[in-house]
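K.L.:
Pasting a structure below so you can have a look.
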Amino acid sequence: MNQAFLIILTTLCISGLIKLAVAEGGFCSAASSIIDSGSNTNQLYWKATNPTLSPSHLQDLPGFTRSVYKRDHALITPESHVFSPLPEWTLTSGAYLITPAMGSHFVMYLAKMQENSMSGLPPYDAERFIFVVQGAVTFSNISGINQKLMVDSYAYLPRNFHHSIRCDASATLVVFERRCSSLENLYTEQIVGSTDQQPLLETPGEVFQLRKLIPTSISYDFNIHIMDFEPGEYLNVKEVHYNQHGLLLLEGQGIYRLGDHWYPVQAGDVIWMAPFVPQWYAALGKTRTRYLLYKDVNRNPL
Ligand SMILES: *[C@@H]1O[C@H](CO)[C@@H](O)[C@H](O)[C@H]1NC(C)=O
């Protein structure tokens, strides 16, 4: 009965599309935006900030969410993101998705910047990594050099590094911050780049494509990986390791295994993986999966 009802509603929506394009809110306009969004398909990562509405709008039931929070992992899906003004930033709302309250040693948040917005500085001794998911920002450092960061661009800022991120129109950033675990006489440097400029790295025994956005040198205590899987590809190693992860799915969909749970995931989803949680991914669907992954490296865990 539900199925028949939905088919009728969908048909009504499609046949009434021109009229509905001006309607805001409600079931039919949600269905029509699936079709509207076709005009966005050339924009990189647009699904990360506009996750697919079919079938999730059908799941938009009272009390329903795919999000879970467990001792050693969490899945935080877009319908449960809660935004509030970001401390220190102007005209920017943020959703903290991973914080030390979960057991992580880093924070991961989304920052939605409006017209004429500006970043604040991270806490004392915290290093920062930003990645543009939507829109564009201007990054400036103390030398007064301005650099435009578009979608797919990123910056790494060492601890106590004076900088600002300004936005003229609108932008969404994913931000990672952690208190730097520095080694004596070793210093990190500002890095600005974009994913497409990074070389593909060897992944012995694995089929996915790997890029690293931060130098692998011992000075850096974390890295950000960009991992690509074609539909049907999956991790060979069922990983269990001491490192922790914060993950943002930028494109595609698949199944993430975390501990004894198997989660359907898609672009826009965020995952927290505590040390030693068994983890595995398989890409499904018709388009590639790309995800961005924080990983702590180069430090003795003792
Ligand atoms: C500021 O950015 C420019 C361009 O990326 C860079 O050459 C310069 O070294 C940076 N200044 C500092 C203090 O890192």
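The values are calculated or read from the model by the stated rules, or taken from the named source; none is laboratory data. Remember, it's a predicted structure, so these values are computed and weren't measured experimentally. All Cβ positions, glycine included, derive from the backbone under ideal geometry; neighbour counts span all protein chains shown. Only protein heavy atoms, including side chains, enter the accessible area calculation; ligands, DNA and RNA are left aside. Shrake-Rupley method; radii C 1.70, N 1.55, O 1.52, S 1.80 Å.
K.L.:
Got at least one residue in the range 192-212 being more than 20 Å from the chain's Cα centre (by Cα), more than 16 Å from the ligand (Cβ to nearest atom), in a strand (DSSP E or B) and touching a residue at least 24 places away in the same chain (Cβ under 8 Å)?
P.N.:
Checked against the condition, which is being more than 20 Å from the chain's Cα centre (by Cα), more than 16 Å from the ligand (Cβ to nearest atom), in a strand (DSSP E or B) and touching a residue at least 24 places away in the same chain (Cβ under 8 Å), the range 192-212 yields no hits at all.
K.L.:
Of everything in the range 162-186, what is modelled with pLDDT of 95 or more and either over 30 Å from Ile76 (Cα atoms) or of a type in the set (A, V, I, L, M) (or both)? Give them in sequence order.
P.N.:
His162, Ile165, Ala169, Ala171, Leu173, Val174, Val175
K.L.:
On the basis of being small (Gly, Ala, Ser) and buried (at least 21 other Cβ atoms within 10 Å of the Cβ), does Ser119 make the cut? Walk me through how you get there before you give the answer.
P.N.:
Values: small (Gly, Ala, Ser): yes; buried (at least 21 other Cβ atoms within 10 Å of the Cβ): yes.
The answer is yes for Ser119.
K.L.:
Counting only residues that are touching a helix residue (DSSP H, G or I) at 6+ places or on another chain (Cβ under 9 Å) and under 16 Å from Ser104 (Cα atoms), how many does the range 249-282 have?
P.N.:
Going through the range 249-282 one residue at a time, the tally reaches 3.
K.L.:
If you scan the range 140-190, which residues turn out to be within 10 Å of the ligand (Cβ to nearest atom), of a type outside the set (Ser, Thr, Tyr), farther than 23 Å from Leu91 by Cβ and open to solvent by 30 Å² or more (accessible area, probe 1.4 Å)? Outline the logic, then answer.
P.N.:
Kept after step one, since they are within 10 Å of the ligand (Cβ to nearest atom), are these residues of the range 140-190: 140-147, 155, 157-158, 161-163, 189-190.
This time we only want the ones that are of a type outside the set (Ser, Thr, Tyr), so: 141-142, 144-147, 155, 157-158, 161-163, 189-190.
Applying the additional criterion that residues be farther than 23 Å from Leu91 by Cβ yields 145, 158, 189-190.
Listed by number, the residues that qualify are Ile145, Glu189, Gln190.
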